[in-house]
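Remarks on the structure that follows.
The values are calculated or read from the model by the stated rules, or taken from the named source; none is laboratory data. Remember, it's a predicted structure, so these values are computed and weren't measured experimentally. So basically every Cβ, Gly included, is an ideal-geometry build from the backbone, and we count neighbours across all protein chains shown. To get the accessible areas, we keep the full protein, side chains included, count just its heavy atoms, and leave off ligands, DNA and RNA. Shrake-Rupley method; radii C 1.70, N 1.55, O 1.52, S 1.80 Å.
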Amino acid sequence: MLKLIFEWLDTHVWIYWVIAAVPTLVLLVWLTRLIWGDPPPNRFSLQKVIFPLLVLAVLFAWRWPFLLSADEYNPDESQLIAGAMTLRFDAIPWRGVDGFTSGPLNFYPLLVPRLLGLPLDYFTARFVGLLLIGGALLACSRLFSSRFGSPLGELGILPALAFFCTVTDADFIHYSSEHLSLFLTALSAWCLLRRSTGGTTTHRWVLGGCFTAGLLPWAKLQSAPLAATLVFAALIAAGRDKTPAREKGRSIFYLLAAAAAPTACMLLVVVTTGQFEHFFRSYILQNFTYVSDGASIRGTVRDLWDTSRMTMHFPVYLITSLFGVAAALLTGSRRDSSTQREPSWRIALILLVVSAACILTPRRALLHYVLLSVIPLALLLGLSLGRSGNAVNRRTRVWLGSGMLLFGFLIPFGVRAAQPVPIMFGGFLAHWREPRTVLADIVRLYAGPTSRMAIWGWLPSLYVETGVPQGTRDGNTSWAMMPSPHRQYYLQRFLADLERNAPDLFVDAVGFGSRFYPDRAQAGHESFPALQSYIIDHYQLAADGGYARIYAKKGLSSRSSSPRSKHFLLTPNGSIANDSLRRESITPADLPQRKTRTGWVQMMNPPAEIVWALEDNIREVTFEYGFAPEAYRAANRTDGVELIFELRSEGVPVRPLFNRMLDPQHRPADRGPVTGNLILPPFKSGARLVARTTVGMSGNNAWDWFYLGSVMPLTSVNYAPTQFPHFNRVPNTVDADLSYRLQEGDDSLLILHAPALLTYHLAGDERRVRFDYGFRAGAYSDGGQTDGAIFKVELHRANAPVQVLF
């Protein structure tokens, strides 16, 4: 059933716009009626039910395709999922799982869908992330309506809603350590600011707001200043209450106790379980070390802005919200000077400034940090609108509300509608069929229900793809590999965890093609003698994928067989030899290399060509490509590049493998880094793989700053099943120099152009051979003039004549 659904989705992309448009239009009509119409007396009871449902419906209607992607959008996302999987072995923070810069609370929301039977994967994590976003938006909405009693304030969440619906940047889509922080910020603000005037500050709502703010540092230490701001606002309000000094002092004590309660509980846990040193060194000292070695503040601001304006989603949200705040404050101030004394919008303004400091303090241009500012900005806009809504006449409220609908809602959705559908369309079926890499399939051969896996390096996606939890508390070992005052501590802790947990599998994620650590000589586990000695004594190499080596515990044999993986376990040394291709030539010879965030890449400004020699046992090739940001950031720059991969063999026509016209100016998905895969048809010795670039649509190669990253082969002594689509059994030997793969719609075919010879080695228990065969339309129609072909099936036996079966 799922297969049919995904096949239909891949070929009917219009359904995305239909699903997105229906709830969006309903919400638009509902809001327009609130602004322009005269709602019935029970408006607010309806609003409490209908508006939240519409907000959630619109949010999921725009974001659902990203839930179904099996790709890792960010390593932090995989690390959080892996940590949640590991909690079932040991739920004690910093003993079972260390989140590094992420606090321990970020793992626990992922366990809720697990209790409902959902697997811990990318779908579950992104689904939880959307729920936290929706909860944050609804908390802001309830704050505005409860404080001001006017629907105008609730329009303050519209730009934030439009931002979360239309955003396509991977850093904003993945489940990150900021999601829980933005939810807690919104929930705390709702509790603390919901009352307008009067009332006691020790009311359960205010106490709950302080307690929620106290949770923030344990979701992300980076958000601790937001917590301090919220608690300080509550204390100031308590100090201004017109109550006796003794009662006032008691209120302040209760508020401080509520804010300190999460910290007291967490410290009690880490002290009584003997984890205080690990908590202090990893979460406190290492975070300060992390901040101290960042770039400059000015450079961070510039890089964040340059990165965010590639898609313009966040800049549109920022500019729209600030203009809305200015319009609301100016309008309200002209009408009623008493509204200037309304303090809530000033608190929101301080929160926004503090969130900017939280984003910039690490001095790293990581786009997902920007999420910390989304809720403070929404609070500032909504509180400003609500304040003005109570100070202006109906006509002004209508104009303010209409402006918010136009600039904060319709324009962002209109901009998104002019862009392509999510890149998942056309790949739903592929993601459903092959959610794992080959290395993940190999891990699953050895892993049992209670198996654990330790990874040296940074490859948390392997945890998610295999469903195997961490074998150590570390989701990655960066702190043990990079120069740092605490490096030796992390290395010793990693070794201690290996000895204590004895995981079934150990993975060294260092090697050419690794995203973070490509140099085995410098960073492989062999560079640390104590770790190397332990691995030699307890593990044996099972597979080498170039960018990662898989070691299984000695005496541990594969528990199952996988049609996709078993072919890659039969190489002469029992491993996948995945070294880089041998480059023969590059044209022009002076093409430069360039350093990107994923490593060094080869620039291929067109026209350019690279030729590699192919070993006979290479079956597939993966490659990475993209554009330098300068090529598309300004208008009238690159007109695109055509990327071509070909297979060349002596005496055989050139066989095309890949052809794509890239247009980064108009298609953000073409900017990179993008990963491609070449499944090679059978070829004879001496074949060459060729990559070419040609100029774009207007024939101008100015600003065509295209690069080709790692080009990695997948080798095996056996042919791969992917090379023979629709075959139930892969041949042992092939002589088919004229064969080629053909993509017809969503289907792949291997065209065995004559002459071709496939040989199968029989085990002796075979009794029947079934096969389909035929000619493609066009060989005999539409001008095709084939003179036919002879198709034979023969049985060859030792010391016996050849028997023709067909």
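Taken together, the criteria exclude Ala70 from residues that are in contact with a Phe, Trp or Tyr (Cβ under 8 Å, 6 or more places away or on another chain), open to solvent by less than 10 Å² (accessible area, probe 1.4 Å) and aliphatic (A, V, I, L, M). Scan the range 439-456 for residues that are small (Gly, Ala, Ser) and at pLDDT 95 or above and the total you get is 1. What do you reckon, is Arg387 charged (D, E, K, R) and under 36 Å from the mean Cα position of the chain (by Cα)? No; evaluated as a whole, the condition is false for this residue. Only one entry in Ala139, Ala20, Ala82, Ala61 is within 22 Å of the chain's Cα centre (by Cα), under 30 Å from Thr361 (Cα atoms) and among the hydrophobic types (A, V, I, L, M, F, W, C), namely Ala82. Those helices (runs of 4 or more DSSP H) of the range 123-187 that lie entirely within it include none in which at least 3 residues are under 20 Å from Leu110 (Cβ atoms) and either touching a Cys at 6+ places or on another chain (Cβ under 8 Å) or of a type in the set (D, E, K, R) (or both).
Restricting attention to the range 1-54, the residues being open to solvent by less than 40 Å² (accessible area, probe 1.4 Å), at pLDDT 75 or above and either in a loop (DSSP other than H, G, I, E, B) or hydroxyl-bearing (Ser, Thr, Tyr) (or both) number 2. Total residues in the range 424-457 satisfying the condition of being touching a Lys or Arg at 6+ places or on another chain (Cβ under 9 Å) and within 23 Å of Phe66 (Cβ to Cβ): the figure is 5. When the range 464-508 is examined, which residues are found to be among the aliphatic types (A, V, I, L, M), open to solvent by 10 Å² or more (accessible area, probe 1.4 Å) and not in a loop (DSSP other than H, G, I, E, B)? Residues satisfying the conditions are Val464, Met481, Leu491, Leu495, Ala496.
To keep it simple, each residue is scored yes or no on (1) open to solvent by 80 Å² or more (accessible area, probe 1.4 Å); (2) touching an Asp or Glu at 6+ places or on another chain (Cβ under 7 Å).
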| residue | (1), (2) |
| --- | --- |
| Val711 | no, no |
| Val717 | no, no |
| Pro721 | no, no |
| Glu744 | yes, no |
| Gly764 | no, no |
| Gly774 | no, no |
| Val804 | yes, yes |
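No other residue among Arg394, Arg436, Arg387 is crowded, with 20+ Cβ neighbours inside 10 Å, at negative phi, modelled with pLDDT under 85 and out of contact with any Phe, Trp or Tyr (no Cβ under 9 Å at 6 or more places or on another chain) apart from Arg436. Residue count for the range 697-730, restricted to those that are within 17 Å of Phe658 (Cβ to Cβ) and in contact with a Ser or Thr (Cβ under 9 Å, 6 or more places away or on another chain): 11.
How many of the residues making up the range 744-777 are among the small types (Gly, Ala, Ser), under 27 Å from Trp8 (Cβ atoms) and either at pLDDT 90 or above or not in a strand (DSSP E or B) (or both)? Residues in the range 744-777 being among the small types (Gly, Ala, Ser), under 27 Å from Trp8 (Cβ atoms) and either at pLDDT 90 or above or not in a strand (DSSP E or B) (or both): 3 in total.
Take Leu643 and tell me if it is outside any loop (DSSP other than H, G, I, E, B) and closer than 30 Å to Ala754 by Cβ. No, not satisfied.
Against the definition (touching a helix residue (DSSP H, G or I) at 6+ places or on another chain (Cβ under 9 Å), at pLDDT below 90, outside any strand (DSSP E or B) and more than 17 Å from Met603 (Cα to Cα)), how does Asn728 come out, yes or no? No, not satisfied. Against the definition (β-branched (Val, Ile, Thr), in contact (Cβ under 8 Å) with a residue 60 or more places away in the chain, open to solvent by 30 Å² or more (accessible area, probe 1.4 Å) and on the phi < 0 side of the Ramachandran plot), how does Val730 come out, yes or no? No.
Close Cβ contacts (under 6 Å, 6 or more residues apart or on different chains) running from residues in the range 53-69 that are without any contact (Cβ under 8 Å) to a residue 40 or more places away in the chain and of a type outside the set (Gly, Ala, Ser) to residues that are open to solvent by less than 20 Å² (accessible area, probe 1.4 Å) and assigned to a helix (DSSP H, G or I) comprise Leu54/Leu27. Looking at the range 660-695 only, could you name the residues that are β-branched (Val, Ile, Thr) and open to solvent by less than 30 Å² (accessible area, probe 1.4 Å)? Val674, Val690, Thr693 - these are the residues of the range 660-695 that are β-branched (Val, Ile, Thr) and open to solvent by less than 30 Å² (accessible area, probe 1.4 Å).
Between Phe516, Phe512, the distinction of being within 22 Å of the chain's Cα centre (by Cα), surrounded by fewer than 24 Cβ atoms within 10 Å (Cβ to Cβ) and hydrophobic (A, V, I, L, M, F, W, C) belongs to Phe516 only. For the range 396-444, which residues satisfy the criterion of being of a type in the set (Val, Ile, Thr), within 30 Å of Gly324 (Cα to Cα) and assigned to a loop (DSSP other than H, G, I, E, B)? The one that is of a type in the set (Val, Ile, Thr), within 30 Å of Gly324 (Cα to Cα) and assigned to a loop (DSSP other than H, G, I, E, B): Val421. Scan the range 318-328 and give yes if some residue there is in contact with a Gly (Cβ under 7 Å, 6 or more places away or on another chain) and free of Cβ contacts under 8 Å to residues at least 60 places away in the same chain, otherwise no. No - not one qualifying residue is present in the range 318-328.
Residues of the range 599-615 that are modelled with pLDDT under 80 and open to solvent by 30 Å² or more (accessible area, probe 1.4 Å): Trp600 alone.
Set side by side, the residues Phe107, Phe164, Phe148 differ, and just one is farther than 30 Å from Met453 by Cα, open to solvent by less than 30 Å² (accessible area, probe 1.4 Å) and in contact with a Gly (Cβ under 7 Å, 6 or more places away or on another chain), which is Phe148. If you go through the range 409-425 one residue at a time, do you hit one that is aliphatic (A, V, I, L, M), in contact with an Asp or Glu (Cβ under 7 Å, 6 or more places away or on another chain) and surrounded by fewer than 24 Cβ atoms within 10 Å (Cβ to Cβ)? The answer is no, given that none of the residues of the range 409-425 is aliphatic (A, V, I, L, M), in contact with an Asp or Glu (Cβ under 7 Å, 6 or more places away or on another chain) and surrounded by fewer than 24 Cβ atoms within 10 Å (Cβ to Cβ).
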